[in-house]
Amino acid sequence: MVYKLMLVLTGMLVLTELQGQLSGSVNSHENDPINALLLSFDYFTNANPNNINTGTRQPSFSPSVNFISRFGVDLSLAANFLGNSDDAYENYSSELDLMAGYQLVPCKHFTLYPSYGHYFHSNNSNPLKAFFTDEFRLDADYSPKILNAGISAGYLLGKRNTFYTEAHVSHTISIDNLFFKKDNFSLLPGVDVNFGDYEYLNLYFLDELTADGTFYSNLYNYPLVRRYVLRQHLLNPDMTYTEILYNYFADKASDNFKLTSLSLNIPFYYMVGKFGISAGIYIFVPISQPDYLSDDAQFYVNAGLSYYIGFTPSKQVKGERGRK
């Protein structure tokens, strides 16, 4: 989920900046809306599907296509290839994401962005990565010139359903004409705070252990689960491995809505003409995770390239020709 959030953030910032540049180059009416297409390729040294730290490094490659209409509707198609994310945590699995959203601007500096996403997972994806297939989300942001603050709420559906919220704040440092005319460099240091619960995950594992005796073998492939079971078996040698896990999930199944993680972000973006370069440094800090998941902080970086194509509405072009 972290890489999905950063892909959306990158796309929105690049499009906002380049849209202004292109509208100014097409005609003198810089506020005239245009349609836009953004082609991107992003790489993350690590990713946390569903904000869960499995203790395994999972690099990701993500090509994407985003269409932004002048009416505020966004459509995107993104592929994601995630390392060490198959059933054995050794090979790549893949994912295809279809997303649609609509941007509302009720007043100056304030935006609302309802969106929907559907996720297709490859057959070899491990259960934690392929847990959800659909997401409904609402983002509310207040963005004056140098500050961005907002809150998001989402509902995820799949093998189990869950609700989450996120709050974020970032400071914008923007420099125009840094190296070339009409280029832009932006730095956005910020903090994300995530809230939710792990009841959906505990109940899923409990149901699977009860219904399918072979599920334990798949769950035991998780390095952190294996270490937890071995540690508990030393303390309780009379219990089987399956009994240890079943008793744990039965005892911990219910969970309260709480702070689950923090993320410290330092992304930057450089745009010149129709090309964009993005990179960033991130620290993900899990909080109050279940014992079978890692609570170690993760450090990772990303890099990306993008190319922007603007489409001026035909009526607008004709109007410009008429004025000439």
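The values are calculated or read from the model by the stated rules, or taken from the named source; none is laboratory data. Because the structure is a prediction, the values reported are computed rather than measured. Positions of Cβ are backbone-derived with ideal geometry, glycine not excepted, and every protein chain shown enters the neighbour counts.
How do the strands (runs of 3 or more DSSP E) wholly within the stretch 52-130 filter down when requiring 3 or more residues that are assigned by TED's automatic domain parsing to the domain that holds S263 and among the hydroxyl-bearing types (S, T, Y): which remain?
The strands (runs of 3 or more DSSP E) meeting that bar are 60-68, 93-102, 110-121.
When you go through I283, I244, I277, I266 one by one, which is the residue that is β-branched (V, I, T), out of contact with any Leu (no Cβ under 7 Å at 6 or more places or on another chain) and closer than 29 Å to S174 by Cα?
Exactly one of I283, I244, I277, I266 is β-branched (V, I, T), out of contact with any Leu (no Cβ under 7 Å at 6 or more places or on another chain) and closer than 29 Å to S174 by Cα, namely I266.
Mind counting the residues in the stretch 162-211 that are without any contact (Cβ under 8 Å) to a residue 12 or more places away in the chain and among the β-branched types (V, I, T)?
Number satisfying all stated conditions: 1.
For the stretch 168-212: of the residues being of a type in the set (D, E) and part of a strand (DSSP E or B), which is modelled with the highest pLDDT?
D192
Tell me yes or no: at least one residue of the stretch 60-79 is over 19 Å from the mean Cα position of the chain (by Cα), over 24 Å from F284 (Cβ atoms) and free of Cβ contacts under 8 Å to residues at least 12 places away in the same chain.
no
Would you call Y155 among the aromatic types (F, W, Y), assigned to a strand (DSSP E or B) and either assigned by TED's automatic domain parsing to the domain that holds Y113 or out of contact with any His (no Cβ under 6 Å at 6 or more places or on another chain) (or both)?
Criteria met by Y155.
Condition first: buried (at least 17 other Cβ atoms within 10 Å of the Cβ) and closer than 19 Å to N302 by Cβ. Now tell me which residues in the stretch 70-91 satisfy that.
Within the stretch 70-91, S76, A78, N80, L82, G83, N84, S85 meet the criteria.
If you take the residues in the stretch 254-272 that are small (G, A, S) and crowded, with 17+ Cβ neighbours inside 10 Å, which one is nearest to the chain's Cα centre (by Cα)?
S263
Pairs only if they're at least six apart or on different chains, beta carbon under 8 angstrom, first in the stretch 236-252 and farther than 24 Å from E199 by Cα and not assigned by TED's automatic domain parsing to the domain that holds P290, second hydrophobic (A, V, I, L, M, F, W, C) and surrounded by 13 or more Cβ atoms within 10 Å (Cβ to Cβ); list them, first residue then second.
That search, which allows pairs on different chains as well, returns N236/I244.
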